[in-house]
Every structure is written in C-alpha cells, then in structure tokens.
1. Given the criteria crowded, with 23+ Cβ neighbours inside 10 Å and touching a Leu at 6+ places or on another chain (Cβ under 7 Å), does THR292 qualify?
2. With (1) farther than 17 Å from VAL121 by Cβ; (2) under 23 Å from the mean Cα position of the chain (by Cα) as the list, and GLN192 as the residue in question, which single condition is left unmet?
3. Given the conditions (1) buried (at least 19 other Cβ atoms within 10 Å of the Cβ); (2) over 13 Å from LEU138 (Cβ atoms); (3) modelled with pLDDT of 95 or more, which single one is not true for ASN196?
4. I need the strands (runs of 3 or more DSSP E) fully contained in region 1-88, keeping only those with at least 2 residues that are closer than 21 Å to GLY291 by Cα and of a type outside the set (D, E, K, R).
5. Go through region 367-397 and count every residue that is closer than 21 Å to ASP321 by Cβ and surrounded by 24 or more Cβ atoms within 10 Å (Cβ to Cβ).
6. In the set LYS19, LYS3, which member is touching a Phe, Trp or Tyr at 6+ places or on another chain (Cβ under 6 Å) and among the charged types (D, E, K, R)?
7. Kindly indicate whether ARG347 is without any contact (Cβ under 8 Å) to a residue 24 or more places away in the chain and in the same structural domain as LEU189 (by TED's automatic domain parsing).
8. Taking ASP129, is it of a type in the set (Asp, Glu), surrounded by fewer than 24 Cβ atoms within 10 Å (Cβ to Cβ), within 16 Å of TYR181 (Cα to Cα) and free of Cβ contacts under 8 Å to residues at least 40 places away in the same chain?
Amino acid sequence: MDKRAIANGCVVTMNAGRKVLPGGTVLISGSRIEGVLPAEAAVPEGYERIDARGCAVLPGLVNAHTHLYSALGRSLSFNEELTQWLETQKGLIAQFDDEDFAACIEVGLALNLRSGNTCVVDAMALPADAAHRYPVALDLAERYCLQYTLARAYTDQRMSSDYIENVVAIERSVSELIETYHGASDGRLRLQLFPNMAWALSIEGFRMTRRLADKYGIGMQMHTAESPAYPVLIEKAYGHGSDVRVYQQGGCLGPDVQLLSCAHLGDEDFEIIARTGTRVILDPISGTTIGTGLPPTLRVMGNGNPTALATNGMASAGGQDMFEAMKTLLSLARVEAYDPLCISAMRALEMATIEGARALGLDSEIGSLEPGKRADVICVQMDQLYQAPALDVPATLVFSCNSRDVRDVFANGQWVVRDRKLLVADEAALADRAAKRASAAWARTHHAS
Ligand SMILES: [Zn+2]
C-alpha cells in the first residue's frame, strides 16, 4: 500500500509556524507527504493506519556531515591525538578490499537510518586508485532509500602521495561522477565537492572547485579550522593561517559552501562567513570527544545564515546520534554563555531538520512535515521511563531522547525501520559481517607495519 496515515502521535511539523500538533496525523502518498491533520480531523478512508501513540512524529533528521567509511574503525582512535587518529584510520582503510569497503558503508547507512537520519552528507576521501568505490557507496545508498549526498574529496598537494592527483585529472573524474549520479534515483542521490582541507589543495584546485560547482549547480564542504594544528599547516602552504582566506582567494565562499567545525577561526573570518552567506556545520560531539575544539555555536547562530548540525564520522562521534549532537550543542553553548536561555531546544531541533536542510539547499524537498515534501518521517518514542512524561515535547526530544528511541522511519515514503527493526537489510547479519571484516583488516594493518 502506498497511502499511509501516521496517526495519534505528537506531530512536530517544523513548518514556518513551528506548529506542534498533539494527536495529529501525517498522510503519506507514495514518496510524498500529502497532508498534516490536527487531532480533531478524521483520518480519511483508504490509508494504512500506523499508530504513533506515545511518539513524537518528526521530519527525518539531517546529518550534514559524516564519514561512513570510518564505521569499521569507530572504536580505534578515541585515545589518539588528531594526527595519529588520521594515521590509524587511514591505515585501516588502506587494508580494505572492495567487500570490506561495502560492509563498512552499509554499517554507516544502516546506523544512520536506525538513528532517524534520513538525509546524510557523506564526506569521502579515497586514494586515487580507489575511485571505483565512490559509485559503490552511491549504489548502496540508493538501496537504503536515503537522501544521500556524496561529498567527493580530492587533493593535489601536501598529503600522502597515494591521494594526490593533478587538477586536470581531478576535474575529469569528478565531472564523470557528477554526470552519472547527481540527481539520480529521483533526486535522492546527489554529489558535492569536498576539497577537504585548505592546505591540501592549490588555489588552482579551489578555482576548479568553483568552476565545477557553478557548472553543475552543486555545493561544496570543507573541514575548516577543526584543531589548533590547522593554522600551522595552512601557514606552511600559504604563508598565513586562515582557511577562510584560502577559500576566498579560490572563489570558494558563498551560500553553496558549508564549512565544517570552524572551532579555531578568528573574528575577521567569522565576519567574512556572515557577509558571504557561507554556511557553517556544527559537529559538537566530534570536536569534544577528540578534544580538538568547541563548536562556535554562539558565533554563528545569529549571523543571518542557516546553520546545520552533524555527527561527523563514527571514529570521532562514536555513533550517528543527532539527538546527542543536539544535546551536546546546547550544553556547550549554555556553559560558554553561562546562560541557559542563550539557545533553546527548538533551535537545536531546527538545525537538525529544516535549518540544516536550508544550509544544504534542500529545504524545498525535506526538513519539515508539509504537503508536497518528501515523505521522510520518523516516530520517536516518548512514553517510556526514559523519556516520560513529555509535557514539553521539543525539550523531551533534545534532553531525554536518543537515537535508540527512534521507533519507525519512513524514507521517501518507504517504511525502512519498523518497531526498531531495519527492513531494508538483515541488521544482525550486517553487524556480524562487519565485525569479522573489521577484525581481519585490523590484523592486516599489524602485518603491514
Ligand atoms: Zn569530517
């Protein structure tokens, strides 16, 4: 049946009025939301009825930046500083065969769906001779029904030699990938450009990035000022320590650009970001777990541009839990300001839904429960000992819920998680396959070193 009524839940619409409808109903027809009804309206005939009593019914969450290829190494680097962290993760990934890689991506996709993240931007940096794996990730994402954006990395300087390519070769292979996949699967699969880190690309490379972004109408993401090491590395490459100045010189600022982290930027950089309409993605869990920096939440949330929220990869975030990201964001901002009123639970929810979608340029399609939008809908349990009583629903979602409370997920109208069970893959078999492959690949890294 392709007509469904998700009834009796507390519908948190995230529409322009931020309407919350206790006992409301979300109607789905095919891949689209057909209507949102208040409690007093009768559910029309001809719909499969799904009882969401005790749940909040929300738009699927927008995880604006992660690295699914870190899923198998997720436990390895929590006691390493960033440079060693990168070496460990790269060392493990270097041992992956194509089957290991596929298992790793599948774990990441499955975990995002189970966590209620129906939109994911997956930033992926593979060695130059492993470019055939980008399509593997895109094809798997299609099977998992996600709104999936692959942010394809590249580098032409100051990285290990197996990752470096010249700008002409990069432009050719990235263009091919965009032309094959961007907008495929009825617009669910998308491409972004991922010049990764400021010191690892020449100005010529950044200008090529801008050219491709304009040619294909796609966005770009960059890791920006994540740790105190960044300015030192940028200084060596460019004679100054500012990521933002490098991007500016290469034409890579503006509303189609999202900068991840920004923990160590200066005042002038934040002014340029605000003035150019550049977006910031906050990843409060990752910066704090590996101790690289605090999210500049208060610096960017009032700058007039939409701000997105992200988990970042599993090897720095542990999971893919956007509820944890919301709670951590609020907690850190409030202690920074010594003021619990500086940011509300609703504002964090906005960054995880409609505002995050706007930052990615996807708000006409996703981010709120409104007629005509994609049927990306989640039901989050709120009536158990862990969460109840939910008198203030946004506060309950942010402060008392986590990703394990996501009961049902509809992605593009398809029921993909039902009663906490993944329907698009055998979750236990996937976890078992991934664990075996991770152990074998990890053992091989010891032989390799
Ligand atoms: Zn990242």
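1. no
2. (1)
3. With (1) buried (at least 19 other Cβ atoms within 10 Å of the Cβ); (2) over 13 Å from LEU138 (Cβ atoms); (3) modelled with pLDDT of 95 or more applied to ASN196, the lone miss is (3).
4. Qualifying strands (runs of 3 or more DSSP E): 61-66.
5. Total satisfying the criteria: 7.
6. Residue meeting the stated conditions: LYS3.
7. No, not satisfied.
8. Here the answer is no, as ASP129 does not meet what is asked.
The values are calculated or read from the model by the stated rules, or taken from the named source; none is laboratory data. Note that the structure is a prediction, hence the values are computed from the model and not measured. Using ideal geometry, Cβ is built from the backbone for each residue, glycine included, and neighbour counts are taken over all protein chains shown.
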